[in-house]
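Written out below as structure tokens is the structure these notes cover.
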Amino acid sequence: MDIDRFKRINDSYGHIIGDNVIKFVASLMCQFAFPHHHVARYGGEELAIIMPDTTLEEAREICENIRAAMEKSHLRRKANNEVIGIVTISIGIARLQCGENVENFIIRADKALYQAKENGRNRVVC
């Protein structure tokens, strides 16, 4: 998962607000992920959920729920109630193939993520 136009958030509101947006996305991920899933910050504004024993359709539904919840969240600064606005996320899903190495698995997930970005952001691509 990648927070869309995250640099704009950091540039407009500062890194503390940017960090709070990352934490908010992570909280949504934890809310919708199954208890046996692993939610992690992958780097920068990229986050991931490792979903063992989960079908592709279940993964897509979880990710779509996270994406939709994020889109509906109208974020505000706590200090002065200033509207940050609608923040969206793009999500790429890959399913680990039998015998596949981790590097290829991540490359495929990244390709799906970039396809989501190229097709307009705020979407889930498998």
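A short reminder: the numbers here are calculations on the coordinates, not readings from a lab. It should be emphasised that the depicted structure is a prediction, and the values quoted were computed from it without experimental measurement. Note: ideal-geometry Cβ built from the backbone for every residue, glycine included; neighbour counts use all protein chains shown.
Details
- When the trypsin sites (Lys or Arg not before Pro) in the range 3-79 are filtered for DSSP coil states and for at most 16 other beta-carbon atoms within 10 Å of their beta-carbon, the remaining sites are R5, R77, K78.
- Helix screen, the chain: DSSP H segments with Cα axial length of 18 Å or more and mean Kyte-Doolittle hydropathy at least -0.5 are 15-32, 102-118.
- Calculated FRET value between H15 and V102, using beta carbons and R₀ = 30 Å, to 0.05: 0.50
- Range of Cα positions in the range 13-57 per principal axis (Å), largest first: 39, 18, 16
- Placing dummy labels 7 Å off each Cα toward the beta-carbon, the span from E46 to S73 is 2.1 nm.
- GNM flexibility winner over the chain from A116, A59, A68 (Cα, springs under 10 Å): A68
- Inter-part distance where the range 1-20 and the range 36-68 are each reduced to a Cα centre, Å: 20 Å
- When the chain is treated as a Gaussian network with alpha carbon springs shorter than 10 Å, the biggest mean-square fluctuation among A109, A26, A40 belongs to A40.
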